[in-house]
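Q: One structure, as structure tokens, below. Some questions next.
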Amino acid sequence: MPHFASLYNLAFWLTQDRATAEDLVQETYVKALKGFPSYHQGTNFRAWMYRILRNTFLTTQAGLKAAVSLDSDDVRVVEPATDQTPEVFFLTRVEQETIRRTLEKLPMHFREIILLCDLEEMNYKEVGLALSIPIGTVMSRLFRARKAMRLLLAAASQGAKA
Amino acid sequence: MSCELWRDWIDAYLDDGCTPEESAGIEDHLNTCTACAAEALARLRLKNATRIAAADRFVPAPDLRLRIEQSIQNPRNPISAIPFVAFPRFKFPVLTKQWKQGLAGAAAALVLVVIVGSVWWSRSAGRQQALAQLLDMHVATLASSNPVDVASTDQHTVKPWFEGKLPYTFNLPVLDGTPFKLVGGKLMYYRNRPGAQLLFDLRKHQISVFILQDQPGLTPKSLGVATERQRGFNEETWSQAGLRYIVIGDTSAADVRALGDLLRAAGRQ
């Protein structure tokens, strides 16, 4: 089963629940096996697998709930009162755990696009294939996702100082 | 174009999502604007920190793979009954002995392909992660105000500096008549083991050479010299006399290869 650990990691990031992630990975492999003839040789296999995983998740109750905020920028954080860019003053002492907690706070559509790009190191075309969106949308969503993440990190930094 | 507009392009540049012309324009701006260069470095650090924090965060239960394999094979499992229109229903013919032997052979070959594929992917992923960490060290070195602990262009100054600090030694090439210049070196740690990081200059580009005790997870010895291109950097790695060499730089692959050739020649002496 190729990409097993990577898919499970992504599934858990997506669902935030062990049992749901396990069911999701299981169903993804079943569907991938049955749908393999529809896979186009030469295209990114990981992106294809992730698309199956994501589409399967979006048909579940948890997925439908997560998908409600798909087109919104609904990240409620107070912007830090400083002129510094968030990363400059924050990353000097940021811990991995803080980044993980910040990722968990992001809406699903922001979290997944950051993970596909930064963790899975997919290019924009592959991310577009995985999420079934055009490259222009990949770029704009990624921009908004990273901005939201920086704001959350900055807010966490200011909370730690207070 | 104002800095505000250039900053909209930084993410695409770091994601390797720009055309060569766009990348050249951004690089020109970053070379002249310290504020945007600092912003780009900060975003790169966040990108790398995200990758490290998210990688292998959630590990599957040891028996999950087996359970999934069994569920795929069990026709009574409801998951197996999910209809899929692209997969046509097929009534299997009665199999002759020759057919069964042929299918058994094909199944064994398929299992082998899956195993080899899984092992290859697993090793490849581990190698990618290892090279990514070393690339991060290279980038951090370039951003540091003290990139090396021993600063000298003389190989006979840099090499002895490592004596007593490393449980091994290595040869450095004579660079006279080559475009490369030794900048210096420093002690680094990778996977809890000490290693050497040497910095070379080539037409104002900095190239790192990591020399480590060979260990699993980096390129297997049988592959010989392996080249990679990652986030715009060219990398070359090989194993020689029990040591693992990794060359990383933003110069061309040919330049990285040329420095690698000099190091390999020195290693054979």
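The values are calculated or read from the model by the stated rules, or taken from the named source; none is laboratory data. What you see is a predicted model; the values in this text were computed from it and never measured. A quick note on method: Cβ atoms are made from the backbone with ideal geometry, for glycine too, and the neighbour counts reach across all protein chains shown. Protein only, heavy atoms only, side chains kept; ligands, DNA and RNA dropped before computing areas. Shrake-Rupley method; radii C 1.70, N 1.55, O 1.52, S 1.80 Å.
Q: Take segment A:4-18 and flag every residue that is part of a loop (DSSP other than H, G, I, E, B) and either over 13 Å from the mean Cα position of the chain (by Cα) or modelled with pLDDT of 90 or more (or both).
A: Within segment A:4-18, A:17 is the sole residue that qualifies.
Q: Still on this structure, I have one more. Every residue in segment A:1-27 that is more than 7 Å from every other protein chain (Cβ to nearest Cβ) and over 24 Å from residue B:53 (Cβ atoms), please.
A: Correct list: A:23 only.
Q: Being within 24 Å of the chain's Cα centre (by Cα) and under 19 Å from residue A:139 (Cα atoms) is the filter here, so list the residues in segment B:11-29 that pass it.
A: B:11, B:12, B:13, B:14, B:15, B:16, B:17, B:18, B:19, B:20, B:23
Q: If we keep just the residues of segment B:41-67 that are open to solvent by less than 20 Å² (accessible area, probe 1.4 Å) and more than 22 Å from residue A:28 (Cβ to Cβ), which is farthest from the other protein chains (Cβ to nearest Cβ)?
A: Checking each candidate, the answer is B:48.
Q: Across segment B:24-40, what is the number of residues that are within 20 Å of residue A:146 (Cα to Cα) and without any contact (Cβ under 8 Å) to a residue 24 or more places away in the chain?
A: 3
Q: Go through segment B:17-40 and give me each residue that's within 10 Å of another protein chain (Cβ to nearest Cβ) and touching an Asp or Glu at 6+ places or on another chain (Cβ under 9 Å).
A: Residues satisfying the conditions are B:17, B:39.
Here's the yes/no breakdown for (1) within 22 Å of residue A:52 (Cα to Cα); (2) assigned to a helix (DSSP H, G or I):
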{"position": "A:115", "(1), (2)": "yes, yes"}
{"position": "A:133", "(1), (2)": "yes, no"}
{"position": "A:150", "(1), (2)": "no, yes"}
{"position": "A:155", "(1), (2)": "no, yes"}
